[in-house]
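Structure first, then comments.
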Amino acid sequence: MHTLSKDKLYFMSETSLKHQLKVLTIPVFIEMALVMMLGAVDTVMLSRYSDNSVAAVGLDNQLISLVFLVYQFFSMGAAILCAQYIGAGLRKRLIQVVGMALTVNLMLGMTVSALLFFYAEQLLQLMGLRPELMGDGLVYLRLTGVLSFFQALSLTFSASLRSADKVVYPMVVTGIVNVLNILGNYALIFGHWGCPQLGVEGAAIATAASRAIAMVLLAIIHFRVHIPRFPLRYFRPIPWEELKNLLYIGIPAMSENISYCLSQVVITYFINQISNEALATRTYCHNMIMFVYLFCISITQGGDILVGHLVGQRRHQAAYVLGNYFFRWSMIITLTGSALLALAGRSILSAFTDNPEIIAMGVWVLVIDWFLEIGRTSNIFAVGTLRATGDAIYPVVIAIIFNWSIAVGLSYVIGIPLGYGLVGMWVGFALDENIRGIILMRRWRSGKWKNKGFVKE
């Protein structure tokens, strides 16, 4: 009778966790889809303007993505610590972590925004942007870059809300912002409703303004439903222990993401040397492929909140079982979506452009990408979930080694010296993702992460 009762209790616990996972994943999925649409909308609308504007904005967004990853330095660390502290019932430490993350991200964001505005031309020259694309690229980078500090704060507010299972609020804000961005693009790119026709400049104004509005809305919500105030006594003296924990997670997390994003910047530089068509193809395909691995990102982010709670409660076996559960679903849905995209690739690309060279390259890229998604799904899961347990250093070491030796080095050799172009480079990307995926999944299954949590007995 006692055994039956324990089994029943375990079943109820497992069922409850799976239900919580669904409740968290759906809003995160919608939010992430809307976040991706915020960038994709610029591409889709500008494709009606010119392929060159798409290529310029695509290269700009590589740099903006790198900046946003820098901003995630403290917000990702705060999310992990908050999840574990909520699981352990440590309210004061939760408030201290969020306060420190907001303060540092504001300072960091203001500094980076100034650099993007004043050194935009030098950065684009460093990335090898072609002279005929420089005008559009410079306008877009300066306007979106100078207000990018709003994104630094938005990421922190959103991470804090998610860690407390309040995932609906960031989703709603992102939905509102997408509507505003679409309306702004329509008015300012093409000159509707009495607005001037600004093209790329209009897309930049609409995107930057939308991100600023998002930050204001998230801040209001955060103070009303999660942490109403940050008492000064909690920060006197400065809670160095929480800052140290943020750095312990944030530095490896930022390093892994920056390594990946910098490698993508270098790769984009190589693609830019091939042709404008290759750069435009990469931009179109990237915006399509993002929606394929969207579910994997969403369920991993939702699942990692629960994994953090379980690790805070020192329920490591439950965390392991839950992780394996949402990894299986990630793989099934991602590969199904990738197969459908490959089959429909020609039709979708034809809706964006009538350039036969772009369409032909894009079709092959989407076919190869099915194999790439096997590794990418494993990486998204393993990196995020290991980090949620506190095992933050191992993934960055693996990332730096393989991002630069295979994703950059081997892809360059296949694509340019061997002459296989963008399609050959995508083969190199697929090898990088799959090798890293195998290594990181072995780390997850080894259980070495079980002693890495921040809440001790």
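Things to note:
- Single condition Ile238 does not satisfy, out of (1) at pLDDT below 75; (2) not in a helix (DSSP H, G or I): (1)
- Complete set of residues in the range 156-173 that are in contact with an Asp or Glu (Cβ under 8 Å, 6 or more places away or on another chain) and either surrounded by fewer than 24 Cβ atoms within 10 Å (Cβ to Cβ) or charged (D, E, K, R) (or both): Met171
- Qualifying residue in the range 227-244 (condition: of a type in the set (A, V, I, L, M) and in contact with a Phe, Trp or Tyr (Cβ under 8 Å, 6 or more places away or on another chain)): no
- Qualifying positions in the range 183-209 - among the small types (Gly, Ala, Ser), open to solvent by 20 Å² or more (accessible area, probe 1.4 Å) and farther than 22 Å from Phe117 by Cβ: Gly191, Gly194
- Among the residues making up the range 328-341, those that are within 17 Å of Met288 (Cα to Cα) and crowded, with 19+ Cβ neighbours inside 10 Å are Thr334, Gly337, Ser338, Leu341.
- Residue that is modelled with the lowest pLDDT, among those in the range 80-89 that are touching a helix residue (DSSP H, G or I) at 6+ places or on another chain (Cβ under 8 Å) and open to solvent by 30 Å² or more (accessible area, probe 1.4 Å): Ala88
- Leading residue by the ranking (most open to solvent (accessible area, probe 1.4 Å)) among those in the range 108-147 that are small (Gly, Ala, Ser) and at pLDDT 85 or above: Ala114
- Yes/no for Leu129 being part of a loop (DSSP other than H, G, I, E, B) and under 23 Å from Leu59 (Cα atoms): yes
- Just one of the listed residues (Leu133, Leu138, Leu217) is in contact with a helix residue (DSSP H, G or I) (Cβ under 6 Å, 6 or more places away or on another chain) and touching a residue at least 60 places away in the same chain (Cβ under 8 Å), namely Leu133.
- Residue count, the range 32-68 (criterion: modelled with pLDDT under 70, closer than 26 Å to Thr103 by Cα and buried (at least 21 other Cβ atoms within 10 Å of the Cβ)): 1
- Cβ separations smaller than 8 Å between residues 6+ apart or across chains give no pair from the range 326-349 residues that are on the phi > 0 side of the Ramachandran plot and aromatic (Phe, Trp, Tyr) to residues that are at pLDDT below 90 and open to solvent by less than 60 Å² (accessible area, probe 1.4 Å).
The values are calculated or read from the model by the stated rules, or taken from the named source; none is laboratory data. None of the values given here were measured: they were computed from a predicted structure. Neighbour counts run over all protein chains shown; Cβ positions are idealised from the backbone, glycine included. Protein only, heavy atoms only, side chains kept; ligands, DNA and RNA dropped before computing areas. Shrake-Rupley method; radii C 1.70, N 1.55, O 1.52, S 1.80 Å.
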